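No value in this document is a laboratory result; all are computed from the given coordinates. Computed from a prediction, not measured in an experiment: that's the story for all the values here. Here the Cβ is made from the backbone with ideal geometry for all residues, glycine too, and neighbour counts use every protein chain on show.
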Amino acid sequence: MSEKLLELRNISKSFGTINAIKNISFAIGKREIVGLLGDNGAGKSTLIKTISGVHEPDTGEIWLRGAKVKRWDVTTARLSGIETVYQDRALARQQTIVDNIFMGRELTNAFGFVKQRKQVAETSRLIREIGFTSALLSPYSQVITLSGGEQQGVAIARALYFNAELILLDEPTTALSLHETYKVFGFARKARDEGSSILFISHNIYHAWDLCDRFIILDRGTVTLQAAKSEMRDAEELIRTMEIVAKAGKLENQ
């Protein structure tokens, strides 16, 4: 792993009597793509919301760039360079790409007027840099006219513009065709090349295998496995290892 960007140390979060995540510890380095894998109910959603500041952990520590964070919330996470692209992409589909990039964070002059030309120019630069190739696409294109993969690209571009050092991609390939899935992979790799790290959250092991450098496996709220891609021959070996670890965990809990 490269220099640590984000580190979780023994993070736990409960809701009443339900322990959603328990003693979670892992780190994400700079400029790497890490796969967070697990079945439904494994604790992925709670962990994402904890990293993004929606949930404050009950116990444990969050470290950023080698320094312990005293208070953790959405504002702190965003100011720290963490952006989340949720499964629904949180886009206004009837609006243009430029409107979606800057919605709620418009560029304004000293008098409070929106700098529309600047926003259009920045959007044009962003969509080309992140890998949009269609000559028909412009900052004024309506999001509703874009494919699912392209909409994910807009959400990733928005995160990049606001200097995201860590982008959380929450199930970004759900309901996408193979062609569109590989578009999303291209956008994610471009973001990595631009300096961001990616936490790719998925239950699709084959998608994660194609994209990620490392894997973190969640099962019933705990990290059961951390492995580099270089340690595995193929996705099938990763699946077999996950199954062995899951069975061992079930026996231990009996």
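Determine whether Val34 is closer than 19 Å to Ile167 by Cα and surrounded by fewer than 16 Cβ atoms within 10 Å (Cβ to Cβ). Can you show your working first?
Values: closer than 19 Å to Ile167 by Cα: yes; surrounded by fewer than 16 Cβ atoms within 10 Å (Cβ to Cβ): no.
So Val34 does not fit the description; no.
Which is more than 17 Å from the chain's Cα centre (by Cα), assigned to a helix (DSSP H, G or I) and either within 25 Å of Leu64 (Cα to Cα) or not polar (S, T, N, Q) (or both), of Ile156, Ile144?
Numbers: Ile156 fails: more than 17 Å from the chain's Cα centre (by Cα).
Criteria check complete, one pass: Ile144.
Among the residues of region 58-77, what is the count of those that are within 19 Å of the chain's Cα centre (by Cα) and either crowded, with 16+ Cβ neighbours inside 10 Å or among the polar types (S, T, N, Q) (or both)? Reasoning before the result, please.
Applying the first criterion (within 19 Å of the chain's Cα centre (by Cα)) to region 58-77 yields 62-65, 72-77.
Add one more test, that the residue is either crowded, with 16+ Cβ neighbours inside 10 Å or among the polar types (S, T, N, Q) (or both), and what stays is 62, 64, 72, 75-77.
Selection size over region 58-77: 6.
Select, from Thr133, Thr84, the only residue that is among the β-branched types (Val, Ile, Thr) and either exposed (fewer than 14 other Cβ atoms within 10 Å of the Cβ) or at positive phi (or both).
On the way: Thr84 fails: either exposed (fewer than 14 other Cβ atoms within 10 Å of the Cβ) or at positive phi (or both).
Matching residue, one of Thr133, Thr84: Thr133.
Confirm whether Gly112 is small (Gly, Ala, Ser) and under 25 Å from the mean Cα position of the chain (by Cα).
On the way: small (Gly, Ala, Ser): yes; under 25 Å from the mean Cα position of the chain (by Cα): no.
Against the criterion (small (Gly, Ala, Ser) and under 25 Å from the mean Cα position of the chain (by Cα)), Gly112 does not qualify.
If we only count strands (runs of 3 or more DSSP E) wholly inside region 194-254, which ones have 1 or more residues that are among the charged types (D, E, K, R), in contact (Cβ under 8 Å) with a residue 60 or more places away in the chain and surrounded by 15 or more Cβ atoms within 10 Å (Cβ to Cβ)? Quick ask: steps written out before the conclusion?
Values: elements: 197-202, 214-219, 222-228.
Passing ranges, in order: 214-219.
Just to verify a result, which residue in region 37-57, among those that are over 18 Å from Thr224 (Cβ atoms) and of a type in the set (D, E, K, R), is surrounded by the most Cβ atoms within 10 Å (Cβ to Cβ)?
The residue in question is Lys49.
Picking from Glu171, Glu150, which residue would you name as being on the phi > 0 side of the Ramachandran plot, charged (D, E, K, R) and surrounded by 15 or more Cβ atoms within 10 Å (Cβ to Cβ)?
On the way: Glu150 fails: on the phi > 0 side of the Ramachandran plot.
Just a single option satisfies the conditions, and that option is Glu171.
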